[in-house]
1. Does segment 85-98 hold any residues that are touching a residue at least 24 places away in the same chain (Cβ under 8 Å) and surrounded by fewer than 22 Cβ atoms within 10 Å (Cβ to Cβ), and which are they?
2. Does segment 77-93 hold any residues that are part of a loop (DSSP other than H, G, I, E, B) and either within 28 Å of the chain's Cα centre (by Cα) or not assigned by TED's automatic domain parsing to the domain that holds Gly23 (or both), and which are they?
3. From the list Leu254, Leu203, Leu265, Leu225, exactly one residue is over 19 Å from Ala154 (Cβ atoms), aliphatic (A, V, I, L, M) and in contact (Cβ under 8 Å) with a residue 24 or more places away in the chain. Which is it?
4. Just one of (1) over 20 Å from Pro129 (Cα atoms); (2) surrounded by fewer than 18 Cβ atoms within 10 Å (Cβ to Cβ); (3) aliphatic (A, V, I, L, M) trips up Ala13, so point out which.
5. If the requirement is being more than 21 Å from Phe231 (Cβ to Cβ), among the charged types (D, E, K, R), part of a helix (DSSP H, G or I) and at pLDDT 95 or above, which of these qualifies: Arg74, Arg29?
6. Could you list all residues from segment 163-184 that are in contact (Cβ under 8 Å) with a residue 40 or more places away in the chain and more than 18 Å from Pro251 (Cβ to Cβ)?
7. Residues of segment 293-308 being closer than 25 Å to Leu207 by Cβ and either in contact with a His (Cβ under 9 Å, 6 or more places away or on another chain) or modelled with pLDDT under 95 (or both), which ones?
8. Can you pull out the residues in segment 99-131 that are within 20 Å of Phe18 (Cα to Cα), free of Cβ contacts under 8 Å to residues at least 24 places away in the same chain and of a type outside the set (A, V, I, L, M, F, W, C)?
Amino acid sequence: MANQQRILVIKHAALGDFVQAMGAFAAIRAHHGSARITLLTTKPYAEMARQSPYFDEVWLDGMPKAWEVAGLMRLRHQLRSVKFNMVYDLQTSERSTGYFHVMGDPPWSGLAESSEFFHAHPDREHMHPEDRLADQLAIAGVPLVKADLSWLDAEIEALRPPKHFVLMAPGGSAHRPALRWPSDRFAALANLLGLRGIATVVLGTRLDLDAIKVIIGNCPTAMSLADRTPFAAIAALARRALGSIGNDTGPVQLTAATGCPTLMLLSGEADPALRQPRGPAVACLQRDDLNHLPVEEVAEALLMRDAA
């Protein structure tokens, strides 16, 4: 339509942040019901974004480096190819904020100081991501709504999940090992669950293989689906699972968002008020040093989640 509004939403990564932005995505769609909404994101999140009901098209940002002139020029051309009526920068990084001037200073919600809807909250870095996004959108007159992730689904029969199982996400930031509960504790937890007739399905990527090998190698009732679960498959598994447990990772944020009873393990380096997922059956266990978090305490808390 010739007079159709054009809206751009910017959200690059990471998985947990992307999941926590679902309410903002839904709010923007509800507020601009008849507009054509474009998402600018990175490759790992494009498939999930296209599956969602929030966007009419998805653009990929290759995030070219300063010396990748050809890539920078392509991105500049793409950003200037449409005269957007409104831009919601939900990434609010230095990179995404820089796009404000690249695009010719359009109506903008984010951290561009000269923009019309500058998010100037002094404590924005100390707000839960969902609260921060709600506050940012409120400045632009967009009320946050609760995201419904029922659309994020997949056929998982080929994965052959057990009848009764718990999802386990032992990964985490490779350069911050203090944020990870030790993998041998995850293995011991999986064995305790096995004694109760509950199998363990382990999620992760090739970056998590060392931890996953410890679990699989020490627990006969554990199976690995590492690198075999797109985000939609994780959501589908979460809806069948008795519960979910893991470190502060994207898969844990995603399982919580589906309504799966979820337990997140946090070290003293993390603030639960900022990191705890929002969901109907979510809890956190925290120790200053995760090495001091006993398996028995985690098992008890997880089984309480399963019974919720």
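The values are calculated or read from the model by the stated rules, or taken from the named source; none is laboratory data. For clarity, every value in this text was computed on a predicted model and none was experimentally measured. All Cβ positions, even for glycine, are placed from backbone atoms using ideal geometry, and neighbour counts span all protein chains on display.
1. Answer for segment 85-98, where residues must be touching a residue at least 24 places away in the same chain (Cβ under 8 Å) and surrounded by fewer than 22 Cβ atoms within 10 Å (Cβ to Cβ): Asn85, Thr92, Ser93, Arg95, Ser96.
2. Phe84, Asn85, Leu90, Gln91, Thr92, Ser93
3. Checking each option against the conditions leaves just Leu265.
4. The one condition Ala13 does not meet is (1).
5. So the residue among Arg74, Arg29 that is more than 21 Å from Phe231 (Cβ to Cβ), among the charged types (D, E, K, R), part of a helix (DSSP H, G or I) and at pLDDT 95 or above is Arg74.
6. His164, Ala178, Pro182
7. Selection gives Leu302 alone.
8. Arg124, Glu125, Asp131
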